[in-house]
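The values are calculated or read from the model by the stated rules, or taken from the named source; none is laboratory data. A quick note: this is a predicted structure, and the numbers were derived from the prediction, not measured. Note that each Cβ is placed from the backbone with ideal geometry, even for glycine, and that neighbours are counted across all protein chains shown.
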Amino acid sequence: MFARLANGNDGPVRVIEGQGTKLSRTMHGIAYDSVHDEIIVPVHLAGAVLVFRAGATGEEAPIRIIQGPHTHILRPETVNVDVKNNEIVVGEDVGQDVMFFPREAKGDVAPLRMIRGPKTGLDEVRGVTVDPVRNLLVVSSRSGKGTTGVFIFNRTDNGDVAPRAIIAGPKSGIIRIRQVEVDPERGKIFVAVKNNVESYKFADASPSPWSSDKPGFIGVWDINDNGDVPPRGVIKGPASEMVWPAGVALDPGDREVYTIDSVSNGMHSYYMPEFFPAKKQ
């Protein structure tokens, strides 16, 4: 945990680490519950989801663990928390699914709902988030044989269901995708696009402006977008110091966007007032 205004080589104010925490080498997601002041972490190799006090420090044990055969959790890649509906959302790359648990779930408990199957179009689930205002689930999925993009479902969907919308294709610029977040107040989807694999070409064989020899970006789409549509806003380029953005988080109150970069091994924060316009009076 760092101070919000930390910069450069500033040290953390707190660190959660050690065997007692049950954290391991491979953790690709994290979520913060600002209402209950808790941190949720998926542990990929353990097939578990850990919940910590937000004020935890040192070798402090999690206050809850979701793990076991009844959970159907295999390799959790990403998590998020739906505070309004009191649920934890878990996305998997191996299971190719999204699962919903009660926020206070503990132990070997069955999910409330599970989105899984060929109709979903999901493959390696990299990010999950909920728009509680419109009752939607937003999922980022990467696939080597199917569609890589942003999949939008009804929040209460269950089983093998088709998404209501998919944002993907050459114009979207999405080649390799990571985390996703939603600003429900403004109806916007923020996506960490980690572009370093194969380039799209248009039907006339002309190269896409989003070629794979360029770094990734943070793209912003409208919650109602569908199909091969370009982002409505972008953070990218040399000045951004962004190479392979692997995560995205939002602070609408301070009008800031955060990303973690897997090449520079650093966290970047951007002041983006144009992404968070004030409410109309």
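Can you tell me which residues in segment 2-19 are in a loop (DSSP other than H, G, I, E, B) and touching a residue at least 40 places away in the same chain (Cβ under 8 Å)?
PHE2, ARG4, ARG14, VAL15, GLU17, GLY18
Being free of Cβ contacts under 8 Å to residues at least 40 places away in the same chain and not small (Gly, Ala, Ser) is true for just one of ASN80, ASN85, ASN135. Which residue is that?
Criteria check complete, one pass: ASN135.
So, in segment 214-240, how many residues would count as being outside any loop (DSSP other than H, G, I, E, B), at pLDDT 95 or above and over 19 Å from the mean Cα position of the chain (by Cα)?
Residues in segment 214-240 being outside any loop (DSSP other than H, G, I, E, B), at pLDDT 95 or above and over 19 Å from the mean Cα position of the chain (by Cα): 1 in total.
Out of segment 146-164, which residues are crowded, with 18+ Cβ neighbours inside 10 Å and out of contact with any Ser or Thr (no Cβ under 9 Å at 6 or more places or on another chain)?
Hits for segment 146-164 are ILE152, ARG155.
Any residue that is over 17 Å from the mean Cα position of the chain (by Cα), among the aromatic types (Phe, Trp, Tyr) and closer than 29 Å to ASP131 by Cβ - is there at least one of those in segment 29-45?
no
Write out, first by first residue and then by second, each pair whose Cβ atoms fall under 7 Å of each other, whose residues are 6+ apart or on separate chains, and whose first residue, in segment 253-270, is at positive phi while the second is surrounded by 13 or more Cβ atoms within 10 Å (Cβ to Cβ) and at pLDDT 90 or above.
ARG255/MET272; ARG255/PHE276
I'd like the full set of residues that are within 15 Å of GLU274 (Cβ to Cβ) and without any contact (Cβ under 8 Å) to a residue 40 or more places away in the chain, limited to segment 211-231.
ASP222, the sole residue that qualifies.
Would you check if SER264 is modelled with pLDDT under 95, in a loop (DSSP other than H, G, I, E, B) and over 29 Å from ARG164 (Cα atoms)?
In short, yes.
When you scan segment 20-38, do you find a residue that is among the β-branched types (Val, Ile, Thr) and assigned to a strand (DSSP E or B), even just one?
no
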